[in-house]
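Following: one structure in structure tokens, then a few remarks.
The values are calculated or read from the model by the stated rules, or taken from the named source; none is laboratory data. For clarity, every value in this text was computed on a predicted model and none was experimentally measured. A quick note on method: Cβ atoms are made from the backbone with ideal geometry, for glycine too, and the neighbour counts reach across all protein chains shown. The area values use the complete protein model at the heavy-atom level, side chains included, leaving out ligands, DNA and RNA. Shrake-Rupley method; radii C 1.70, N 1.55, O 1.52, S 1.80 Å.
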Amino acid sequence: MKISFIRNLAGRELDLEKYKHVIGVEALVWDVAPRYGINREAACLAAVAHDLAKSLPFQEQIRLVQEEGLVEYEEDILMPQVLHGRLAAVRIRRQFGIEDQDILNAVTYHTTGRPGMSPLELLIYTADCVEPERNYLGVDKLRQKLYYSLKEAAIACMDATIDRLESKGSPLHPLTCSARASLVCCES
């Protein structure tokens, strides 16, 4: 029930391109979640909610995260494109009573990652990067990795993000760097 309501809300609040992205993430996690023992409903809920605050202008996102006390790093303000996950998590907790911390973390950290990510968090992070509407050089290879190793797929997506940002001379968010280091140090 909550999933369909949040999906409809996303359809009303997001432009068509962003909504197609959300539906693509949902379809991908529905397909992949059982492979890794992840609850499909939790994955789909996080998928449909992850971009609920994406349409807010950056200045509004900055204002809201400051009001909520959600600024953790200086880069949060310098890179406002990472803030919408935090705001979406606050919204689904308040508006829909979602209290599952794993779902809230998956929504919160889907843009940056974080050290110690759960399988659900890894899935939402990676699916956001490689869902079927994404079309950039190398995405097919990243998408394939998702079907044989969640951790390797997440590392590869982080590497692609880091490479893209470095090539543009853009700053890296410390959470992405520490998330990647956490995954690499713990590889088995």
Matching residues in the stretch 10-59 - criterion: being within 17 Å of His84 (Cβ to Cβ), open to solvent by 60 Å² or more (accessible area, probe 1.4 Å), outside any loop (DSSP other than H, G, I, E, B) and of a type outside the set (Lys, Arg): Glu13, Glu17, Phe58, Gln59
Among residues of the stretch 95-112, those that are open to solvent by 60 Å² or more (accessible area, probe 1.4 Å) and modelled with pLDDT of 95 or more, counted: 3
Which numbered condition Pro171 fails, given (1) under 23 Å from Val48 (Cα atoms); (2) in contact (Cβ under 8 Å) with a residue 40 or more places away in the chain; (3) assigned to a loop (DSSP other than H, G, I, E, B): (1)
Pair list, Cβ < 6 Å and 6+ apart or interchain, from the stretch 81-109 residues that are of a type in the set (S, T, N, Q) to residues that are crowded, with 17+ Cβ neighbours inside 10 Å: Asn105/Glu121; Thr108/Gly85; Thr108/Arg86; Thr108/Ala89
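So, in the stretch 113-129, exactly how many residues are open to solvent by less than 40 Å² (accessible area, probe 1.4 Å) and under 16 Å from Ile38 (Cβ atoms)?
Within the stretch 113-129, residues that are open to solvent by less than 40 Å² (accessible area, probe 1.4 Å) and under 16 Å from Ile38 (Cβ atoms) number 11.
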Candidate set: the stretch 116-168, residues that are acidic (Asp, Glu) and part of a helix (DSSP H, G or I); chosen: the one nearest to the chain's Cα centre (by Cα): Asp128
Candidate set: the stretch 161-175, residues that are over 17 Å from Leu142 (Cα atoms) and not hydrophobic (A, V, I, L, M, F, W, C); chosen: the one surrounded by the most Cβ atoms within 10 Å (Cβ to Cβ): His173
